[in-house]
Amino acid sequence: MKSLVEYIVLSLVDNPTDVKVAQTSTGGRVHLALNVAPEDMGRVIGKGGRVANSMRILARVAAAREGKQVTLDVVEPHEY
């Protein structure tokens, strides 16, 4: 699931070196936290959140094949 999300996001962003996907697992649940560069947030979220929701659906389908549940959060970047 992590590799699927990374593959999709890397094809969308201008700064692929700033893409980080953190995965934590608890039993049958997997949590993915996606970090991207601030200027790529619009591409990853999409208009009305459509791109992010589509990635969540694809991740859920991949997880269901493995008998797991997954959540995907796009983490807001912190600029200093």
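Read-outs: derived from the displayed coordinates by stated rules, not from any lab. Values in this document were obtained by computation on a predicted structure and should not be read as measured data. So basically every Cβ, Gly included, is an ideal-geometry build from the backbone, and we count neighbours across all protein chains shown.
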Quiz item: Can you tell me which residue in segment 44-73 is farthest from Val9 (Cα to Cα), limited to those that are exposed (fewer than 14 other Cβ atoms within 10 Å of the Cβ) and of a type in the set (Lys, Arg)?
Solution: Arg65
Exercise. Spot the failing condition for Ser3; the list is (1) surrounded by 16 or more Cβ atoms within 10 Å (Cβ to Cβ); (2) assigned to a helix (DSSP H, G or I), and only one is missed.
Key: (1)
Quiz item: Identify, please: which residue in segment 22-53 is in a loop (DSSP other than H, G, I, E, B) and in contact with a strand residue (DSSP E or B) (Cβ under 9 Å, 6 or more places away or on another chain) and is, among those, nearest to Val5 (Cα to Cα)?
Solution: Val36
